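> What follows is a structure written as structure tokens; I'll ask about it next.
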Amino acid sequence: MLRSANFLQTNPSLHRSPPFSAPGLKIKQASSFPFQLHWFSKSGDRLKCRMMSNAPRLQQETVIQMGALQDSETNSPSLRTLPGQHFPLGVSEVDNGINFAIFSQHATAVTLCLSLPQREAHGIEDGEMVELALDPHQNRTGDVWHICVKDLPKSNVHYGYRIDGPQDWHQGHRFDSSIVLVDPYAKLVDGRKYFGDVNEKFSKFLGTYDFDSSPFDWGDNYKFPDIPEKDLVVYEMNVRAFTADESSGLDPDIRGSYLGVIEKIPHLQELGVNAVELLPVFEFDELELQRRPNPRDHMINTWGYSTLNFFAPMSRYASSGGGPLKASQEFKQMVKALHDAGIEVILDVVYNHTNEADDANSYTTSFRGIDNKVYYMLDEKNNGQLLNFSGCGNTLNCNQPVVMELILDSLRHWVLEYHVDGFRFDLASVLCRGTDGTPLSAPPLIKAIAKDTVLSRCKIIAEPWDCGGLYLVGSFPNWDRWAEWNGKYRDDMRRFIKGDCGMKGSFATRVSGSADLYKVNKRKPYHSINFVIAHDGFTLYDLVSYNFKHNDANGEGGNDGSNDNLSWNCGYEGETDDNSIKALRSRQMKNFHLALIISLGTPMMLMGDEYAHTRYGNNNSYGHDAALNHFQWGLLEARRNNHFRFFKEVIRFRHTRRVFRRDTFFNKNDVTWHEDNWDNYESKFLAFTFHDSEGEDIYMAFNAHDYFIKVTIPPPPSNKRWFRVVDTNLESPDDFVMEGVPGIGSTYNVAPYSSILLEAK
């Protein structure tokens, strides 16, 4: 019987090698500094023990010769081992102990490093690590190195690996046996306790496990929300930034944590969103930018797009510095609470690169030191240099079979262990490249994700581009399953609403579901993830307040972030006291939100836009753990009865009107375009009516001109009248009236930079 740290796994080909008595460990002399213990297994009855300091860069070491201890010597401090088994990868509990297995094709030596919770019981002083060298003849099956350690505790053990191998840099190898590496399959990872604790910026990361705790209780009445994709309204958010600010009113111990999210679920329900898309929650090192002097060494990575491990939840999102096990438990509590509230959980996942950076400034924590040539794409024609399609110095070798299986195992783990509902894949075009970086028409990984049984209930969303120019919006390999962040929707909506010429036709195409991109095979309108704003780039407020980025606080002289934001400041750059400009900005934000929510497809909005959050023109704010990124709950309260009210009411209107939530594209009877001048390049006005098969007609008009347009209103359906639901030119509460305002005549004067919505009933 085998129980892994992930979930139960079986393998019909699993076999157990005959046990053998491993040498024990006995310290024969004291030392004045903390040691690590490294066993070198020999064929005779002798054992070399290397005792090394766990302190960084300490060069002292001692080699001691000692006799082998047999399993029977129970009165002597010792650890006993078996050869172990190659499956599953990672750590698993087996009948005879704790099994460790790690893949490395090119390694010549692998050493398991253990830090034990009760060191004295094993004759080990505090601060020491036991290091067990694996015998390539006894402890290797194929390319998997493995060992079973008896007598280990079932929890609170920290572990890693030292791995050595060829030093041929030009062949792509980056082995360095001085570094203790994190197991790629570690289900829990421990590092510093508190987020952003600069006193612990050089803390090491190690894997850990827990076989003592009872399974998480999801409850007898628990069920997945299982929201149809056509009904989703997605809210992109950052776990820490959502409640880290003092204005959240939460106890300091849970601010910025998974538990903090639970406390604010009522806000999400009031807003009306039914899916949260969480910025990365896999373990990452938020202080990676501070490990060496550089222009960004004042920054804290709050977005998390720098994955250290693909299985472990971010441990510093636990409450009270609780560590990895508490993070795992509280993550499940968060998912359960969101599900109980009818809200799905979609994870933003980063499989295109890791935290280990480039060769010039490498930060080796795992994959690079385990088998760089397997895990990363290399340019073998250029001395084994790392290829960089991610913009972050390295590119994960996603369609290499071992790496592909790692990614699939990771995804399944998050579905089975944590009950998440879907994934958004950062820079997903990287996942469409072969091992040499060449684009593939049918990428094995993309197909495997689409066809995987465990993942079959999940929403799968691609960010269909990468930093190597592989732009796949509308053409991402999809197997009729993959949805896409529709970057063309974002760009066309921004251009039209800010008043660019020649955009009327594109605007019509986008609000009607982007059939030019997605009406292929069995794809649906909801495969277009419609968005105007996302985490990277301007917030909605900044989109209407800044023509230029203002990124000086990032330390890169303004060279970071996009220069082309398709924004318009409404007449003044940044903050102003001019009431006319402020009113125009308010109208424009409402115009954008209305257009997003009424568009056919899946709408996604950014955390904070519901109260008009500003980053003061910073369009690349990943490194600021401060109010610049943190949700400002005080501003939400101040704007609850106007800006926020409009945003939530428009979302509620979508939920209650079938015409916006179609799962088929429009045909000629489903929409009427009140337009006979499509070729007029100067025209910035568009009116149209969406028709529902059950007689639900919605008339909308968008005016991006700087003057009033007197528009003729079409006759309503028989026995019905038009009611005004939205006019963004009006002040709250008249800008949105759910039941509608009667008395609409045959014409309507649509104000400059405004929009209206009429309902027939």
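The values are calculated or read from the model by the stated rules, or taken from the named source; none is laboratory data. Fair warning: this is a prediction, and the values are worked out from it, not measured in the lab. Don't worry about glycine lacking a Cβ; one is built from the backbone with ideal geometry, like all the others, and counts go over all protein chains shown. Note: areas computed on protein heavy atoms with side chains; ligands, DNA, RNA excluded. Shrake-Rupley method; radii C 1.70, N 1.55, O 1.52, S 1.80 Å.
> Can you report the principal axis dimensions of segment 284-334 using only the alpha carbons, biggest first, rounded to whole angstrom?
Principal extents (largest minus smallest coordinate, Cα): 39, 23, 14 Å.
> Follow-up question, since we're still on this one. Return, ordered by residue number, the residues of segment 387-414 whose backbone nitrogen is under 16 Å from a label point located 7 Å along Cα→Cβ of Asn294.
Counting only backbone N, you get 388-395.
> State the Cα centre-to-centre distance between segment 547-578 and segment 177-226 in whole Å.
So the separation of the two Cα centres works out to 38 Å.
> Let me check against my output: what whole-number percent is the relative contact order of the chain, with C-alpha pairs under 8 Å and at least 6 apart?
Values: 1751 pairs, mean separation 71.0, N = 761.
Relative contact order for the chain comes out at 9 percent.
> OK, next. Can you pick out the pairs among Lys524/Lys668; Lys447/Lys488; Lys524/Lys648 whose Cα atoms lie more than 22 Å from each other? Mind dumping the intermediate values first?
Numbers: Lys524/Lys668 17 Å; Lys447/Lys488 24 Å; Lys524/Lys648 26 Å.
The pairs that break the limit, which is 22 Å between Cα atoms, are Lys447/Lys488; Lys524/Lys648.
> Now, a different point. Which percentage, to the nearest 5, of the DSSP beta bridges contained in the chain is antiparallel? Walk me through the intermediate numbers first.
Numbers: 79 of 108 bridges.
Restricted to the chain, the bridges split so that about 75 percent are antiparallel.
> Can you classify segment 671-760 as rounded, prolate or oblate using the Cα gyration tensor, where a ≥ b ≥ c are the square roots of its eigenvalues, rounded means a/c under 1.5, and otherwise it's prolate if a/b beats b/c and oblate if not?
On the way: a/c = 2.02, a/b = 1.18, b/c = 1.72.
Oblate, because a/c is 1.5 or more while a/b does not exceed b/c.
> To the nearest 10 degrees, how steep is helix 643-655 against the longest Cα principal axis of the chain, on a 0 to 90 scale?
Compared with the principal axis, the helix lies near 90 degrees.
> Can you pull out the GluC sites (Glu not before Pro) in segment 372-444 whose DSSP state is coil and whose Cβ has at most 15 other Cβ atoms within 10 Å? Show your work: numbers first, answer last.
On the way: sites: Glu380, Glu405, Glu417; in loops: Glu380, Glu417.
Qualifying residues, ordered by number: Glu380.
> Calculate, for Asp95 and Asp197, the FRET efficiency according to 1/(1 + (r/R0)^6) with r their C-beta to C-beta distance and R0 56 Å; round to the nearest 0.05. Kindly include the intermediate steps, with their values, before the conclusion.
Numbers: r = 40 Å, r/R0 = 0.72.
In this case the efficiency is close to 0.90.
> Continuing with the same structure: Considering only DSSP beta bridges with both partners in segment 270-656, what is the antiparallel share in %, to the nearest 5?
25 percent
> Right, something else. For Asn382 and His705 in one chain, what is 0.36 nm times their gap in residues minus the Cα-Cα distance, to one decimal in nm?
Values: separation 323, 0.36 × 323 = 116.28 nm, distance 5.41 nm.
Stretched fully, the Asn382-His705 segment lengthens by 110.9 nm.
> Here is a follow-up. Accessible area of the chain with a 1.4 Å probe: how many percent of it is carbon plus sulfur? Numbers along the way, then the final one.
On the way: 13500 of 28820 Å².
The computed percentage sits at 47.
> Under 18 Å Cα to Cα from Lys519, which aspartates and glutamates show up? Leave out anything in the same chain fewer than 8 places away.
Partners found: Glu229, Asp480, Glu484, Asp663, Asp670.
> Quick one: accessible area per residue over the chain, 1.4 Å probe, rounded to a whole number of Å²?
Values: 28820 Å² over 761 residues.
Per residue, the chain has 38 Å² of solvent-accessible surface.
> Which log10 I(q)/I(0) values does segment 457-568 give at q = 0.11, 0.18 Å⁻¹ under the Debye formula, counting every alpha carbon as one identical point scatterer?
Debye intensities relative to I(0), on a log10 scale: -0.42, -0.99.
> Take the Cα of Ser475, step 7 Å along the line toward its Cβ, and report every residue of segment 600-640 whose backbone nitrogen sits under 17 Å from that point.
Label zone hits: none.
> Calculate, axis by axis, the spread of Cα positions in segment 219-369 along the three principal axes, and write the results as whole Å, longest axis first.
51, 33, 27
> Among rounded, prolate and oblate, which fits segment 270-656 when a ≥ b ≥ c are the square roots of the eigenvalues of its C-alpha gyration tensor, a/c under 1.5 means rounded, and a/b larger than b/c means prolate? Could the numbers behind the result be given before it?
Values: a/c = 1.44, a/b = 1.32, b/c = 1.09.
Because its axes are fairly even, with a/c under 1.5, segment 270-656 counts as rounded.
> List the aspartates and glutamates whose alpha-carbon lies under 15 Å from that of Lys549, not counting same-chain residues fewer than 8 positions away?
Asp536, Asp560, Asp564, Glu573, Glu575
> For segment 81-210, what relative contact order do you get, as a whole percent, if you take Cα pairs closer than 8 Å and at least 6 residues apart?
Numbers: 264 pairs, mean separation 36.3, N = 130.
Computed over segment 81-210, the figure is 28 percent.
> Run the simple label-point estimate for Ala638 and Gln105 please: 7 Å along Cα→C-beta, distance reported in nm.
5.8 nm
> Once fully extended, how much extra length lies between Ser247 and Asn361, figured as 0.36 nm per residue of separation less the alpha-carbon to alpha-carbon distance?
Numbers: separation 114, 0.36 × 114 = 41.04 nm, distance 3.80 nm.
This chain segment gains 37.2 nm when fully extended.
> Return the FRET efficiency for the residue pair Tyr681, Asp578: r is the Cβ-Cβ distance, R0 is 51 Å, and the value is rounded to the nearest 0.05.
Working: r = 31 Å, r/R0 = 0.61.
E(calc), rounded to 0.05, equals 0.95.
> While we're looking at this one, here's another question. Please report the relative contact order for segment 238-363, taking Cα pairs under 8 Å with a sequence separation of at least 6, and give it as a percent rounded to a whole number. Let's see the in-between values first.
Values: 208 pairs, mean separation 35.6, N = 126.
After rounding, I find 28 percent.
> Shifting gears a bit: Where a Cα-Cα gap under 14 Å defines reach, which aspartates and glutamates qualify for Lys373, not counting those fewer than 8 residues away within the same chain?
Asp143, Asp164, Asp168, Asp176, Glu356, Asp358, Asp359, Asp436
> A follow-up question, please. I'd like the FRET efficiency for Ser732 and Phe211, computed as 1/(1 + (r/R0)^6) with the beta carbon distance as r and R0 of 60 Å, rounded to 0.05.
On the way: r = 56 Å, r/R0 = 0.93.
The pair Ser732/Phe211 has a calculated efficiency of 0.60.
> A further question follows. What is the angle, in °, between the Cα long axis of helix 324-340 and the longest principal axis of the Cα atoms in the chain? Nearest 10 is fine, range 0 to 90.
It is inclined by approximately 30 degrees.
> Would you kindly state how much longer the chain becomes between Lys668 and Gln171 on full extension, computed as 0.36 nm times their sequence separation minus their alpha carbon distance, in nm to one decimal?
That works out to 173.0 nm of additional length.
> So how do 665-671, 237-243, 373-379, 627-633 stack up, highest first, on mean other-Cβ count within 10 Å? Please list the in-between numbers first.
Working: 665-671: 12.6, 237-243: 25.0, 373-379: 22.4, 627-633: 20.3.
Going by the mean number of other Cβ atoms within 10 Å, highest first, we get 237-243, 373-379, 627-633, 665-671.
> Taking only Cα atoms of the chain, what ratio of Rg to Rh do you get with Rh as the Kirkwood inverse-distance radius? Write out the running numbers ahead of the final one.
On the way: Rg = 28.9 Å, Rh = 28.1 Å.
Result for the chain is an Rg/Rh of 1.03.
> With charges set only on the Cβ (+1 for Lys and Arg, -1 for Asp and Glu), what does the dipole of segment 671-760 come to about its Cα centre, in debye to the nearest 20? Write down the numbers at each step before the final one.
Details: 5 positive and 15 negative charges, 54 e Å.
Magnitude of the dipole: close to 260 debye.
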